[in-house]
C-alpha cells in the first residue's frame with residue numbers, strides 16, 4: 001500500500017533518519033519503536049501525509065484510506081458524542097436518504113416508463129451497496145465502539161466540548177475505528193485509556209481486517225497486537241519479524257553480530273595500516289603499499305552507535321514498619337447520594353505489593369486517598385500500623401510542587417545520600433537531560449512535573465508507598481527503572497496502573513473494587529486474570545444452559561401437559577427416571593427425526609436463495625413478499641432445529657435404557 005524508498009528527514013540541523021526503505025503491506029500490524037527523539041512521531045506524520053520527506057520518496061497506492069491519531073492536540077466541538085462518531089458515516093447516511101427518496105419516487109411513476117426503470121435500477125444498486133456496507137447497523141456500530149472505549153450511555157448525548165483532553169482523544173479514536181481506514185496510524189493510543197479499555201482495544205485490533213502501525217510505551221499491548229517491529233535506530237529503519245519481546249531478543253543478537261563484525265574489521269584495518277607503515281619507505285614495496293592503501297579506502301567502516309546507558313536505580317531502603325501496615329474495617333465513602341465504597345474490610349502486611357484494579361469510577365483513587373488521610377471515611381475506619389510512614393503519589397501530584405524551585409536543587413534537597421551524578425542519571429531516565437535539570441518547576445507541563453514528582457519519590461521513599469497511576473507519561477525506559485526500583489524496595493506498595501506488563505511483573509496481591517465492595521485475590525495479576533476468565537466462562541456456560549432448558553421447556557411443556565399423565569413426585573436429591581417407550585412410539589420419533597434431518601438443510605438452502613433474490617430489485621411488492629417469506633423460513637428453521645434437538649435427547653435416553 002505504501003513504500004518508503006531511500007527516505008530521509010531532518011529536524012532543523014539534526015538528521016532523524018536516512019536511507020529508510022519500508023514496504024507497508026495491506027495487512028501490516030507493526031510496532032514503530034525507538035528511543036525518544038529518534039523521529040518516530042515525525043515518521044508517522046510523513047506516512048499520514050502531514051509532513052514531507054527531505055530525501056527519497058513515499059509512494060502510495062491510489063485509493064488507499066489512511067487514518068491518523070496524534071498523541072494529543074485534538075479538540076472536537078459542536079455535536080454530541082454519538083453524532084460526532086456517526087458523522088464518519090455521512091456518505092452512507094446520504095445513500096440511505098437517497099434510497100428513501102427513490103422508493104418514494106417509484107411509487108408515483110408509471111411502472112412501464114423508462115424513467116421508472118432507471119429509478120428502479122438506481123434504487124436496487126444503492127440498496128444492495130447500503131446492505132453490503134452494513135448500513136442498517138450504523139447506530140449499533142457506534143454504540144459498540146463507544147461502550148468499548150468507556151463511554152456510558154449517558155455520555156453519548158453529551159456535547160463533545162464537555163469532555164477533557166483525554167476523553168477527546170477517545171472520541172477521535174472511536175471515529176477512526178468506525179471509519180475503518182485501510183491503514184491506521186496510532187501514536188500512543190493507550191495514553192488516555194484505562195486497563196479495561198486497553199483490553200477492549202487489544203481485542204478490536206486483533207480482529208481489524210486492515211493494517212495498522214502503533215507507537216506505544218505499553219509493552220504488553222504491543223506484544224499482543226503486532227507481528228512486526230520497526231525500530232528507528234542509528235538514523236535508519238531496522239525491521240524485525242515478531243512482536244516487541246521477540247524484537248528485543250533479535251536486537252541483542254544483531255548487536256552482538258555487529259560488534260563481532262566491527263572487531264574483525266578493526267583487525268583487518270590494523271593489519272593493513274601496519275603493512276603500509278612498515279613498507280611505505282621501501283621502493284620495492286611501493287606497488288603493494290598502494291594496493292593496500294586502495295583496499296583500505298574501499299572499506300566501508302562499521303560504526304557501533306552509542307546505546308542509551310541502562311540505569312539501575314535502587315531506593316534508599318526506609319526504616320521497617322510493623323508487620324501489619326494498614327487495616328480497614330467496614331470502610332465506606334459517599335459523595336452526597338452516590339455511595340462509592342461500602343463495608344470494605346482488608347489488611348495489608350509489610351512487603352505486600354498490592355495492585356488496585358476496577359473499572360473507571362469504581363473508587364480506586366478514592367480508596368487510596370482514604371488510606372493516606374487526604375479524605376475522611378463516611379463510616380468505618382482505617383488504621384496504619386506501627387512505625388508506618390506513608391508517601392502518596394497522586395495523578396495530579398505536580399500541584400504540590402514549588403513552582404519557583406529549580407529541578408536539580410529540589411530533588412537534591414529531598415534525596416537521602418544520593419550523589420548528584422546519580423540524580424542527574426535518574427532525571428535522564430525520566431526524560432530530563434542537559435540544561436533541563438536547571439529549569440524552575442513552574443515552566444514544566446503537567447505531565448513533566450508529574451514525571452519529576454515520581455523521580456523525587458524514588459530518592460527518599462517512605463516505607464508505605466501509595467501510587468496512583470505512576471506509569472502515566474513514562475516511556476519504557478523510565479518504566480523499567482521504576483519497576484526495578486519497586487521490585488527491590490523493602491517497604492510496602494499499593495498502586496493503580498493501567499500498564500498490564502507493570503501489573504504482571506510487580507503485583508503480589510490484587511484488590512478488585514466492584515459495585516462498592518472489595519475482593520482480595522492473594523495471587524499475582526496473571527492468576528487474577530485467569531480467575532476472571534474462568535468465572536466468565538462458567539457464567540456463560542450457565543447462562544447458555546439456562547436458555548437451552550427454558551427453550552426446551554417452553555416447547556415441550558404444552559405437548560406433555562396434553563399427553564402425559566400426572567407422574568408421582570420425585571424424592572429430593574433424585575433425578576427423574578426416563579420411561580421406556582413402546583416400539584410404535586419409538587418408531588414414530590425416529591421417522592420424525594429422519595424427516596427433520598432432511599428438511600433443515602432444505603430450509604437453509606431456501607433461506608440462502610431468498611436472501612440472494614432480495615439483492616435483485618424487481619418491485620416494492622416483490623421485495624416485501626420476499627422479506628415476509630424470509631421471516632417465515634427463519635422461524636420454521638428455528639422451530640425444526642429445536643424439535644430435532646429434543647427428539648435426539650429422547651432417543652439417546654431410550655438407547656441408554658436398552
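Summarised as an ellipsoid, region 324-523 has semi-axes of 31, 18, 16 Å, derived from the eigenvalues of the Cα gyration tensor scaled by 5 and square-rooted, with the largest first. Using R₀ = 22 Å, calculate the FRET efficiency as 1/(1 + (r/R₀)^6) where r is the Cβ-Cβ separation of residue 285 and residue 263; round to 0.05. Computed FRET efficiency for residue 285 and residue 263 comes out at 0.20. Take every Cα pair under 8 Å whose residues are at least 6 apart in sequence, average their separation, divide by the length of the chain, and the relative contact order is 12 percent. The ranking of 289, 230 by Cβ neighbour count inside 10 Å, starting from the fewest, reads 289, 230. Applying 0.36 nm per residue to the separation of residue 349 and residue 134 and subtracting their alpha-carbon distance, the gain on full extension is 71.9 nm. Kirkwood radius, region 69-139, all distinct C-alpha pairs, inverse of mean reciprocal distance: 14.5 Å. Report the paramagnetic label zone for residue 35: residues of region 406-434 whose backbone N is under 11 Å from a point 7 Å from Cα along the Cα-to-Cβ axis. Nothing falls inside the zone, counting backbone N under 11 Å. Each Cα pair under 8 Å and six or more residues apart adds its sequence gap; the mean of these over the residue count of region 176-247 is a relative contact order of 27 percent. Maximal additional length on extending the residue 374-residue 628 stretch stands at 85.0 nm, based on 0.36 nm per residue less the C-alpha distance. Beta bridges per DSSP, both residues in the chain: antiparallel share near 55 percent. Dividing the summed -39500 (n - 2.57) terms of all DSSP H runs of n ≥ 4 by the residue count of the chain sets its mean residue ellipticity at 222 nm at -16000 deg cm²/dmol. When 155, 515, 499 are arranged by Cβ crowding within 10 Å, least crowded first, meaning fewest neighbours, the order is 515, 155, 499.
In terms of its C-alpha gyration tensor, region 32-109 has an oblate overall shape, because the principal axis ratio a/c (a ≥ b ≥ c, square roots of the eigenvalues) is not below 1.5 and a/b does not outweigh b/c.
Taking other C-beta atoms within 10 Å as the exposure proxy, 643, 337, 448, 267 rank 337, 267, 643, 448 from fewest upward. Among 339-348, 114-123, the peptide with the highest mean count of other Cβ atoms within 10 Å heads the list, and the full ranking is 339-348, 114-123. Under a no-solvent Debye model with one identical scatterer per Cα of the chain, what's log10 I(q)/I(0) at q = 0.10 Å⁻¹? Result of the Debye calculation: -1.14.
For the Cα trace of region 133-213, dividing Rg by the Kirkwood Rh returns an Rg/Rh value of 0.94.
Of all DSSP bridge pairs formed entirely within region 154-246, close to 55 percent run antiparallel. With the largest listed first and rounded to whole Å, the semi-axes of the equivalent ellipsoid of region 250-298 from the Cα gyration tensor are 32, 9, 5. Here the peptides 479-492, 422-435 are ranked by packing, the mean other Cβ count within 10 Å, and the order with the highest first is 479-492, 422-435. Once C-alpha pairs closer than 8 Å and six or more residues apart are averaged by separation and normalised to the residue number of region 324-523, the relative contact order reads 31 percent. The orientation-averaged projection of the convex hull spanning the C-alpha atoms of region 399-477 amounts to 5.2 square nanometres.
Throughout, read-outs are computed from the coordinates displayed, never taken from laboratory work. Note that the structure is predicted; figures quoted are calculated from it, not measured. Cβ atoms come from the backbone with ideal geometry, glycine included; neighbour counts cover every protein chain shown.
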